[in-house]
Amino acid sequence: MYVCLCRNVTDHQIRQAVEDGARSWREVQQQTGCGTQCGKCACTGKDITREVIREE
Ligand code: FES
């Protein structure tokens, strides 16, 4: 599912960013661009990032 419509980022890409070594929401943002435009997706993006990091 798309999390960020501005930058076309999916939940899968967020998961992938964490698997590739991102250890914080900020690092996910840097890798994917998620939340770097209008910012509306930031809460969802952050929640998904935390969830995936917790799972690891
Ligand atoms: Fe993600 Fe706008 S929807 S920055």
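None of the figures in this text is laboratory data; all of them are computed from the coordinates on show. The shown structure was predicted, so the numbers you read here are calculated from the model rather than taken from an experiment. Ideal geometry is used to build each Cβ from the backbone, glycine not excepted, and the neighbour counts take in all protein chains shown.
Of the residues screened, LYS46 is not one that is more than 9 Å from the chain's Cα centre (by Cα) and either assigned to a helix (DSSP H, G or I) or surrounded by fewer than 16 Cβ atoms within 10 Å (Cβ to Cβ) (or both). Which of the residues spanning segment 28-56 are more than 10 Å from CYS4 (Cβ to Cβ), basic (Lys, Arg) and within 16 Å of the ligand (Cβ to nearest atom)? Once the filter is applied, which keeps residues that are more than 10 Å from CYS4 (Cβ to Cβ), basic (Lys, Arg) and within 16 Å of the ligand (Cβ to nearest atom), segment 28-56 yields only LYS46. Being on the phi < 0 side of the Ramachandran plot and in a strand (DSSP E or B): is that true of VAL3 here? Here the answer is yes, as VAL3 does meet what is asked.
The residue of segment 6-27 that is surrounded by the most Cβ atoms within 10 Å (Cβ to Cβ), among those that are within 16 Å of the ligand (Cβ to nearest atom) and part of a loop (DSSP other than H, G, I, E, B), is ARG7.
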